[in-house]
Structures are given as C-alpha cells and as structure tokens.
Amino acid sequence: MTYDKNNIFAKILRGEIPCKKIYESKYVLAFYDINPQKKIHALVIPKGEYIDLEHFNQNASDVEIIEFSKGISEVAKKLKISGNGYRVLSNIGIDGGQEVPHLHYHVFGGEKIGKMVS
Ligand code: AMP
C-alpha cells in the first residue's frame, strides 16, 4: 500500500484545510477531532507520510518515533488530562476500522471513557 497524499490529514499538514490545533513540534501535529466521541477527543499525527503504526514503525527514524510518543504526553499536558487519565487508541487497517490512511492516535479524556471496545 502506498501513502495517499490526498488524505484529509495530509491536507491539514499542508495547510490546505484548517484544524483546531492543540500542539505542534518539528515532528508532530495535534488537533481536535472534528466529530468528538468524548468530552475531549484529540488526534495526534506524525508530520511524516506514514499510513499506520506498522508503516511508521518500519520506516520512521528513531527520533520520529520518540517524538511521536512524547507528543501524546505533551497533548495530555496541554489539555490538562494527565492527572485524571485518558485513553489512547490507534485504528490500523481494515479490521482496525481505520478511515483516514495517515497514522493517528486518538486521545480521549475529560470524563470516564468507559468500555474498552464496543
Ligand atoms: P479513524 O477511523 O481512526 O481513521 O479516525 C479518523 C478520525 O478523523 C475520525 O474520528 C474523524 O472524526 C476524524 N476526522 C476526519 N476529518 C477530520 C478533520 N478534517 N479534522 C479533524 N478530524 C477529522
């Protein structure tokens, strides 16, 4: 599978469509999900062209991997959900139910998140 440069998150990264930005670094962008499933629902994405976590882990540099992981904590800190806790989830491929083919972590918080998988 090749990376689709026209996916919605690629367009956000190129500034072609807007997002409600939460956090940005050299390697990571985080913004609010357009269709929140919980009180707080953020998305954390690497700036590099990676389809999913598998593609990322196979192709990203160590610094990209480290910064992506740290980006989640930065977002939790910014959203003030570190203390009470939160949930991180990444859908991968068809069985995972991934809709946007650019790696992203969902970050849910601000309330009890509830059942792990529905
Ligand atoms: P997934 O099913 O894991 O691929 O999740 C894709 C997520 O992207 C969904 O939760 C959508 O609501 C979200 N989404 C789609 N388009 C946008 C957008 N333009 N800005 C923010 N979030 C979006």
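Points worth noting:
- Subset of region 1-30 (residues that are near the ligand (Cβ under 7 Å from one of its atoms) and either among the small types (Gly, Ala, Ser) or over 14 Å from the mean Cα position of the chain (by Cα) (or both)): ILE17
- Restricting attention to region 21-48, the residues being open to solvent by 50 Å² or more (accessible area, probe 1.4 Å) and assigned to a strand (DSSP E or B) number 3.
- Sub-6 Å Cβ pairs linking a first residue in region 3-20 that is within 24 Å of GLY93 (Cα to Cα) and open to solvent by 50 Å² or more (accessible area, probe 1.4 Å) to a second residue that is within 11 Å of the ligand (Cβ to nearest atom) and part of a loop (DSSP other than H, G, I, E, B), at least 6 apart or interchain, are ASP4/PRO101; ILE8/VAL100; LYS11/ILE17, ordered by first then second residue.
- Flag if SER90 is among the polar types (S, T, N, Q) and surrounded by fewer than 14 Cβ atoms within 10 Å (Cβ to Cβ): no
- Residue within region 71-84 that is of a type outside the set (S, T, N, Q), touching a Pro at 6+ places or on another chain (Cβ under 9 Å) and modelled with pLDDT of 95 or more present: yes
- Only one of the numbered conditions (1) open to solvent by 40 Å² or more (accessible area, probe 1.4 Å); (2) under 10 Å from the mean Cα position of the chain (by Cα) is violated by HIS102, and that is (1).
- Among residues of region 31-50, those that are of a type outside the set (Lys, Arg), without any contact (Cβ under 8 Å) to a residue 60 or more places away in the chain and away from the ligand (no atom under 11 Å from the Cβ), counted: 4
- Some residue of region 63-83 being part of a strand (DSSP E or B), crowded, with 18+ Cβ neighbours inside 10 Å and within 11 Å of the chain's Cα centre (by Cα): no
- Qualifying positions in region 71-118 - away from the ligand (no atom under 13 Å from the Cβ), out of contact with any strand residue (DSSP E or B) (no Cβ under 7 Å at 6 or more places or on another chain) and of a type in the set (Val, Ile, Thr): VAL117
- Condition check for PRO18: within 22 Å of SER118 (Cα to Cα) and either in a loop (DSSP other than H, G, I, E, B) or touching a Pro at 6+ places or on another chain (Cβ under 8 Å) (or both): no
The values are calculated or read from the model by the stated rules, or taken from the named source; none is laboratory data. Because the structure is predicted, anything quoted here is derived from the model rather than measured. All Cβ positions, glycine included, derive from the backbone under ideal geometry; neighbour counts span all protein chains shown. Accessible surface areas use protein heavy atoms only, side chains included; no ligands, DNA or RNA. Shrake-Rupley method; radii C 1.70, N 1.55, O 1.52, S 1.80 Å.
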